Amino acid sequence: MKTKNYDFSGWATRNDIKCADGLTIRQDAFADCDGMEVPLVYMHDHKDPGNVLGHALLENREEGVYCYGSFNDDTEQGQMAKALVAHGDITSLSIFANQLVKKGTDVLHGAIREVSLVLAGANPGATIDFP
């Protein structure tokens, strides 16, 4: 997938890893999200628009959903988040998804609505690998 300039990249979510909520995302559960841009948020806080730090471009891969994150350089929050990622202070990502289709504790389909920078993600494989 061809990407624009981005500030970091990493795994928004990884397949076949049991998450802290007991769910396991299966391959291609979010295939329909491939190529979408979604908001990049701090700690899933949707109540305050000031928590939107930028956006993330999603790429469905065999191992999970990879993302390319861009910070809003013209906001104080975006600049701060960019520095925290660049310094390695925040290294985890997490997704908020809805329209989930599950079989038991397996997530088979859903729609990613945002990617969050988090202090500790529910999916241990959801990490920033290129700050």
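The values are calculated or read from the model by the stated rules, or taken from the named source; none is laboratory data. None of these values were measured; they are calculated from a predicted model. Here Cβ is always computed from backbone atoms with ideal geometry, including for glycine, and neighbour counts include all displayed protein chains. We work out accessible area using only protein heavy atoms, side chains counted, and drop any ligands, DNA or RNA first. Shrake-Rupley method; radii C 1.70, N 1.55, O 1.52, S 1.80 Å.
Roughly to the nearest percent, how much of the accessible area of the chain is carbon and sulfur, given a 1.4 Å probe?
On the chain, the fraction of accessible area on carbon and sulfur atoms equals 50 percent.
Using the Cα gyration tensor of region 1-64, with a ≥ b ≥ c the square roots of its eigenvalues, what is the shape: rounded (a/c below 1.5), prolate (a/b larger than b/c) or oblate (neither)?
Oblate, because a/c is 1.5 or more while a/b does not exceed b/c.
Sketch the reach of a paramagnetic label on Leu108 as a point 7 Å from Cα along Cα-to-Cβ, and name the residues of region 8-32 whose backbone nitrogen lies under 17 Å away.
The answer is 16, 23-32, whose backbone nitrogens lie closer than 17 Å to the label point.
Which value, in nm² and rounded to one decimal, describes the direction-averaged projected area of the C-alpha convex hull of region 75-120?
Result: a mean projected hull area of 4.1 nm².
Tell me, what is the 1.4 Å probe accessible area of Asp16, in Å² to the nearest 10?
Counting only protein heavy atoms, the figure is 90 Å².
With a 1.4 Å probe and all protein chains left in place, how much accessible area per residue does region 1-103 have, in Å²?
I get 56 Å² per residue for this part.
Summing Lys, Arg as +1 and Asp, Glu as -1, what charge do residues with Cβ under 15 Å from the Cβ of Leu84 carry, Leu84 excluded?
Local charge sum for Leu84: -3.
Sorted by accessible area with a 1.4 angstrom probe, largest first, how do Arg113, Arg61 fall?
These residues rank, largest area first, as Arg113, Arg61.
Take the alpha carbon gyration tensor of region 32-131, find the square roots of its eigenvalues, order them as a ≥ b ≥ c, and report rounded if a/c is under 1.5; if not, report prolate when a/b exceeds b/c, else oblate.
prolate
Net charge within 13 Å of Val52 by Cβ-Cβ distance, Lys/Arg positive one each and Asp/Glu negative one each, not counting Val52 itself?
Neighbour charge sum, excluding Val52 itself: -4.
Test of understanding: what is the full-extension gain from His87 to Glu62, defined as 0.36 nm times their sequence separation minus their Cα-Cα distance?
Values: separation 25, 0.36 × 25 = 9.00 nm, distance 2.92 nm.
Fully extending the segment from His87 to Glu62 adds 6.1 nm.
With everything on Cα atoms, drop me the angle between helix 76-86 and the longest principal axis of the chain, reported from 0 to 90° to the nearest 10.
Tilt of helix 76-86: around 70 degrees.
Excluding same-chain pairs closer than 8 in sequence, count the lysine pairs in the chain whose Cα atoms lie under 22 Å apart. Each step should come with its number before you reach the end.
Numbers: Lys2/Lys82; Lys4/Lys82; Lys18/Lys102; Lys18/Lys103; Lys47/Lys82.
Lysine pairs, 8 or more places apart or on different chains, close enough: 5.
Which part of region 107-131 falls in the paramagnetic zone of His46, meaning amide N under 16 Å from the point 7 Å along Cα-to-beta-carbon?
110-117
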